[in-house]
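The values are calculated or read from the model by the stated rules, or taken from the named source; none is laboratory data. As the structure is a prediction and not an experimental result, all values here were calculated from the model. All Cβ positions, even for glycine, are placed from backbone atoms using ideal geometry, and neighbour counts span all protein chains on display. The accessibility values were calculated without ligands, DNA or RNA, using every heavy atom of the protein model including side chains. Shrake-Rupley method; radii C 1.70, N 1.55, O 1.52, S 1.80 Å.
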Amino acid sequence: MIRRVLVVLLMIAALMAALFFIFREWFRSGEVRELRLPADLARHYAEAERETGVSWAYLAAIDEVESGYEQATPSSIRERAGWIRERTEGNGHSVRAAERAIRQGFPDNRAEEILEIAESYRWMVPSLTEGYAFPFRRSDRDRVSYSDTWGAGRTYGGDRKHEGTDLMAKKGIPILSVADGVIVRKGWNRLGGWAVTVMDRNHPQIFYYYAHMSRYGEGIKAGQRVERGQVIGYVGDSGYGPKGTTGKFPPHLHFGIYVRESLLSWEREAINPYPLLKVWEAEK
């Protein structure tokens with residue numbers, strides 16, 4: 001009788017372990033850390049990932065731990081990607097193989113720090129090469145300017161830090177969805193004016209926030225699926241006041257990216273979109 005009970009308990013434990021492995025993203029707990037990826041190197045990490053299959057997150061985490069990116073160059077990024085690919089026998093896209101290579105190539109404490117950062121980065125930005133869209137059409141890009149406005153001070157609504165990138169553009173220029181997704185919120189908010197929030201359909205821990213629109217794209221509504229490159233709205237200057245307020249600042253798109261710590265949580269942390277925008281802008 002005791003043996004049967006033990007067998008049943010072992011089977012239950014094995015089933016629970018299997019379910020946890022399958023649905024581990026739902027139970028994931030971990031910090032959404034600051035994205036320190038340097039914008040001027042971002043496309044080189046993307047190119048190395050594309051060429052070798054090695055996730056950008058491992059390459060960036062190594063450079064972050066080793067030198068705070070100070071010694072990272074386009075050539076060193078490619079060399080590091082080749083090193084991991086060689087140590088994984090061409091299987092660099094395998095998470096287990098890449099992690100094993102890092103554990104073999106670095107002292108224990110340093111390897112664990114690298115893998116901790118890489119795990120967080122892979123959750124926040126699963127890939128730099130999945131084919132995301134820049135939020136403006138190529139024909140409009142010469143009329144769009146932006147810089148790294150992450151963390152800049154803002155005073156409307158109280159002292160706060162800017163959680164996104166402002167892309168300055170002429171009022172009425174179409175705004176594109178950067179990814180396939182689902183609109184989880186559409187409407188007015190005091191800071192963002194007419195705004196849309198889209199949940200990434202392939203990575204539901206990630207949300208894209210588009211604010212200060214002058215109007216929405218045709219048929220845009222909450223609950224609707226949108227495709228990468230679809231027009232979801234138009235540049236405006238709405239916000240910083242009650243519903244309908246405009247003209248408080250020059251027209252632009254405020255673009256934000258928010259990530260939740262697990263699929264069981266709706267709490268979201270902002271990450272800096274700027275280096276990702278530089279990658280997407282460079283895509284053909």
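The string of couplings for the stretch 275-282 from the Karplus curve (6.51, -1.76, 1.60, θ = phi - 60°) is x, 6, 4, 5, 5, 5, 5, 7 Hz, one whole number per residue in order, with x for Gly and Pro. In summary, the lysines within cross-link reach of Lys221, defined as a Cα separation below 25 angstrom excluding same-chain residues under 8 places away, comprise Lys170, Lys171, Lys186, Lys243. For the peptides 218-229, 92-103, 53-64, residues were scored by their other Cβ atoms within 10 Å and the scores averaged per peptide; the highest-first order is 53-64, 92-103, 218-229. Derived scalar couplings between HN and Hα for the stretch 70-75 equal 5, 9, 6, 9, x, 6 Hz in order, rounded to whole Hz, by the Karplus curve 6.51 cos²θ - 1.76 cosθ + 1.60 (θ = phi - 60°), x for Gly and Pro. Relative contact order, whole percent, for the stretch 41-89 stands at 46, derived from Cα pairs under 8 Å and 6 or more residues apart. Heavy atoms of the protein chains alone define the surface here; on that basis the chain has 52 Å² accessible area per residue at 1.4 Å probe size.
As a ratio to 2.2 N^0.38 Å, the alpha-carbon radius of gyration computed for the stretch 56-179 takes the value 1.38.
Given contacts defined as C-alpha pairs under 8 Å and at least six residues apart, what's the relative contact order of the chain, whole-number percent? With pairs under 8 Å counted, the relative contact order is 19 percent. Nonpolar atom fraction for the chain, defined as the carbon and sulfur part of the 1.4 Å probe accessible area, stands at 50 percent.
Only Cα pairs under 8 Å and 6+ residues apart enter the sum, and on that basis the relative contact order of the stretch 35-127 stands at 33 percent.
Relative to the globular-protein estimate of 2.2 N^0.38 Å, the Cα radius of gyration of the stretch 38-117 stands at 0.97. The calculated P(r) of the stretch 125-198, using every Cα pair and 5 Å bins from 0, goes 3, 11, 17, 22, 25, 16, 5, 1 in percent.
Close amide-amide hydrogen proximity is noted between Leu35 and Asn272, each under 5 Å apart and 5 or more residues distant or on a separate chain (H modeled in the peptide plane; Pro and chain starts excluded). Taking the chain on its own, what percent of its Cα-Cα pair distances exceed 26 Å? The answer is 50 percent, as a whole percent. What 222 nm value per residue comes from the helices of the chain, counting each DSSP H run with n ≥ 4 as -39,500 (n - 2.57) and dividing by all residues, nearest 500 deg cm²/dmol? When only DSSP H runs of four or more count, the value is -11500 deg cm²/dmol.
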